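The values are calculated or read from the model by the stated rules, or taken from the named source; none is laboratory data. As the structure is a prediction and not an experimental result, all values here were calculated from the model. So basically every Cβ, Gly included, is an ideal-geometry build from the backbone, and we count neighbours across all protein chains shown. Keep in mind that these areas ignore ligands, DNA and RNA; they rest on the heavy atoms of the full protein, side chains included. Shrake-Rupley method; radii C 1.70, N 1.55, O 1.52, S 1.80 Å.
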Amino acid sequence: MNVLVTGGAGYIGSTLIKQLLEKEHKVVSIDNLSRGDYKFLMKYKENPRLKLLIGDIRDPDKLKAVIKENKDVGAIVHFAAIPGMERCQKNPKGAALTNIYGTYNVLETARNYDIKVVFISSAAVYGNPIEVPISENHSTNPTNLYGVTKLAGEKLLSAYHSSYKLNTVALRFGNVYGFGVYSHWETVIPKFTKQALSEQPLTIYGNGEQSRDFIHVWDIIQAIELVLEGEKNLVAGETFNVGTGKPISVNTIANMVTKIFYEECKKNVKTTHLPPRKGEPDTPNFCLSPIKIKNKLEFRPQWDIKSGIKQLIRYS
Ligand SMILES: NC(=O)c1ccc[n+]([C@@H]2O[C@H](COP(=O)([O-])OP(=O)(O)OC[C@H]3O[C@@H](n4cnc5c(N)ncnc54)[C@H](O)[C@@H]3O)[C@@H](O)[C@H]2O)c1
């Protein structure tokens, strides 16, 4: 298959590209390089099955031209976004234009050429849940702009599925960590690992009892591959959580990083608390039910957090 990856220079996008190339697929990537960097894919740049393009999903003509030049594209995996609560709060116009208008452009292009779209959404659409583990049927009530833009993207997707019968799938990721072809260092697990490595205290927002569903980037890639390969009757119009179903508090992560860091580097680190961040869900036991993707697509996460932290320490 030829897969168009939007945001292919990003953390998760570039990891997917590596995997698709290793599975003999063709890949076209479009990224405006506002955050990502193609340097992590340079090892593959001579591969005739790979095209790394610079372009913006806010530009519908560019998207159209990419598809016209690559008529065999069979699916679009749409990552390109202003990701995360803080980035969206700092740049609300950018968040709306990229995450909502950009997603509309991707869908409109896909509609014109009848291409399957896999939209990368987030657990942020749920906000503070009423019931855990959170199933896909749980109400959506995002507590910040990022979650709102992801929910808007999902709503656009369902409209294109119901109105135009476009084959669309939305994936709601938990908190992604681990080394793919590279790692960002801002989310909890990589941030604590980096702080430990630079012998700084681990900074916890609030009391640290808030939980997240942490999922390794290579498990995320498995889920995307299953959705790409999934029969139309199993995936079209569907939304899947991609998580572990196991809530882990920020305090637990801090303790794990401290312990593993001592085992690996024989050094102690301290923790420090900062005020809670506005808009961040503070639910203890926050986790996504992975039952639907496990039952329908046989998703089987392979990574545990301990191995993921060790991997980050060794690759840093
Ligand atoms: N990392 C996580 O924990 C996590 C969790 C849930 C959902 N997600 C979603 O997964 C996707 C990828 O996340 P990531 O962590 O790899 O982020 P990332 O920032 O590394 O990747 C996003 C890429 O999109 C590109 N981009 C941004 N605006 C663009 C535009 N207008 N046109 C073209 N390219 C543009 C950036 O340059 C970047 O390379 C995002 O949609 C994010 O919201 C991530």
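Those strands (runs of 3 or more DSSP E) of the range 60-175 in which 2 or more residues are within 15 Å of the ligand (Cβ to nearest atom), in contact with an Asp or Glu (Cβ under 9 Å, 6 or more places away or on another chain) and touching a residue at least 40 places away in the same chain (Cβ under 8 Å) occupy 116-122, 168-173.
Checking each residue in the range 208-226 for being outside any strand (DSSP E or B) and open to solvent by 10 Å² or more (accessible area, probe 1.4 Å) picks out E209, Q210, W218, Q222, E225, L226. Within the range 182-207, the set of residues being open to solvent by 30 Å² or more (accessible area, probe 1.4 Å) and part of a loop (DSSP other than H, G, I, E, B) comprises H184, W185, E186, T187, S198, E199, Q200, P201, N207. Counting the residues of the range 111-159 that are surrounded by fewer than 20 Cβ atoms within 10 Å (Cβ to Cβ), farther than 16 Å from H78 by Cβ and touching a Ser or Thr at 6+ places or on another chain (Cβ under 9 Å) gives 6.
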